[in-house]
Amino acid sequence: MTTIFLKPHKEESLKRFHPWVFSGAIGRVLLDTTHKGDAPEEGELVAVYSAANEVLGVGHWQVGSIAVRILAFGVEQLPKDFWRERIRAAYRVRQTLGLADVQRDNVQSTKENNTFRLIHGEGDFLPGLIVDVYAETAVIQAHSVGMHVCRKEIAEAILAEVPQVQNIYYKSDDTLPFKAPIEGEKTGWLVESQKTASLKDKSRSDEFWSVENGLQFRIDWLRGQKTGFFIDQRENRALVERYANGKDVLNMFCYTGGFSLYALRGGAKTVDSVDVSQKAIDLVNVNVAKNFPAATNHTAVAADAFEYLSAQKAQGRTYDLIILDPPAFAKHRDAVKNALRGYQRINAKAIEMIRPGGILFTFSCSQAVDKEAFRLAVFSAAAQVGRKVRILHQLHQPQDHPINIYHPEGEYLKGLVLFVE
């Protein structure tokens, strides 16, 4: 195995179990004698040592500022049953949370919820790996070449350890480093049940539904964003339901309508769902029709968020409750300044349209934007339009998106619920 030696005094973060080795911390690289190139291959397993020759751990090598993602500390090779042990440990956490089947021999999903995140990267000590479960289907997403290389071993471990899973779909075309030399398909079925194999059109997931808190959603993991659904807003959607009764609700950046369905079940007077994608709007209408076939108080519109809000303001339209859940405005630190301006602008437009005594749910999923910076952007927006606001709730990602205490960077979702006077 290729061995990485760090520069002197660069091992302290690894001794505190932070899973990243930055390229600037590397002193020298000793290639395996069978290695053909003059550098490690992206995705290969490497052993990491201190400058004093102390074993620190083993992980995946990658090109970039993060050179190694540690999978196991204090060893120089992975244990024999590594993948099954990690998957088993993660599944037990979801059982403890009541999200997965509690009884090991009960392979039937619960009626109220069969949707959860099984693996959340560093939060489950598997950096570079995301796995979401939708009823009997698990969707794997690799964010590193190392996880891509191990995708079949990961699929086998999931199938062995998670009883409800019968299908495993691999979807990493948008998450793997675009310059990396990738062997094998980035997208496709790794495991198919008889139901999946019988589909004439392998590109469709129309026959598959999942359940979240009693609501049914068609999850398009094949063509949809991320793994097909934003599971991280589950608890926050439930909070919207509590506030929705009798209110006119606007769900901006609605995607497949998660917040909209909860608002409808909560007794909203009207719900407007807005997203720039017509495909998303089509799926919103499918989900509303499935859960509320007689509903006449829901409208779905494909439109740019800023243009829609400006047009509604010009018409004098106002709302009692607005949800802002935009895509990440900053995917890296160089974009933070522009992202904060974007958050301020969109929140100012929304706050202008909230009736006195109304509620704003506003979110940022940009990992590069910290909580204080996001709060300042929102409060600057309120000051800009001259409205008084109070914080009712400070929101974050749910329990099945755990934060590794040694990796605080894993806290990415930030939200505020504001009372607007």
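The values are calculated or read from the model by the stated rules, or taken from the named source; none is laboratory data. What you see is a predicted model, and the numbers here were worked out from it, not measured in a lab. Don't worry about glycine lacking a Cβ; one is built from the backbone with ideal geometry, like all the others, and counts go over all protein chains shown. Heads up: the accessible areas ignore ligands, DNA and RNA and are worked out on the full protein's heavy atoms, side chains in. Shrake-Rupley method; radii C 1.70, N 1.55, O 1.52, S 1.80 Å.
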Hits in the range 24-47 (condition: within 26 Å of Phe178 (Cβ to Cβ) and in a strand (DSSP E or B)): Ile26, Val29, Leu45, Val46
Verdict on Ile322 being surrounded by 16 or more Cβ atoms within 10 Å (Cβ to Cβ), assigned to a helix (DSSP H, G or I) and at pLDDT 95 or above: no
Inter-residue pairs, beta-carbon under 7 Å, first closer than 15 Å to Arg234 by Cα and in the range 391-412, second buried (at least 17 other Cβ atoms within 10 Å of the Cβ) and basic (Lys, Arg), 6+ apart: His396/Lys414; Pro398/Arg234; Asp400/Arg94; Asp400/Arg117; His401/Arg117
Residue within the range 277-291 that is assigned to a loop (DSSP other than H, G, I, E, B) and modelled with pLDDT of 95 or more present: no
Failed item in (1) outside any helix (DSSP H, G or I); (2) open to solvent by less than 10 Å² (accessible area, probe 1.4 Å), with Leu261 passing the rest: (1)
Options Asp248, Asp282, Asp304: the member that is of a type in the set (D, E, K, R) and either surrounded by 23 or more Cβ atoms within 10 Å (Cβ to Cβ) or over 25 Å from the mean Cα position of the chain (by Cα) (or both): Asp248
Answer residue from the range 59-90, given it is closer than 17 Å to Lys10 by Cβ and β-branched (Val, Ile, Thr) and is most open to solvent (accessible area, probe 1.4 Å) among those: Ile66
Any strands (runs of 3 or more DSSP E) falling wholly within the range 333-421 and containing at least 1 residues that are out of contact with any helix residue (DSSP H, G or I) (no Cβ under 8 Å at 6 or more places or on another chain), of a type in the set (A, V, I, L, M, F, W, C) and open to solvent by 50 Å² or more (accessible area, probe 1.4 Å): 389-396, 414-420
Residue within the range 266-274 that is outside any loop (DSSP other than H, G, I, E, B), open to solvent by 30 Å² or more (accessible area, probe 1.4 Å) and within 30 Å of Asp370 (Cα to Cα) present: no
Count of residues meeting criterion [within 20 Å of the chain's Cα centre (by Cα), among the small types (Gly, Ala, Ser) and at pLDDT 85 or above] in the range 189-227: 1
Hits in the range 10-23 - residues which are in contact (Cβ under 8 Å) with a residue 40 or more places away in the chain and either open to solvent by 20 Å² or more (accessible area, probe 1.4 Å) or not in a loop (DSSP other than H, G, I, E, B) (or both): Lys10, Glu11, Leu14, Lys15, Arg16, Phe17, His18, Trp20, Val21, Phe22, Ser23
Residue, modelled with the lowest pLDDT, within the range 228-245, restricted to residues that are open to solvent by less than 10 Å² (accessible area, probe 1.4 Å), aliphatic (A, V, I, L, M) and assigned to a helix (DSSP H, G or I): Ile231
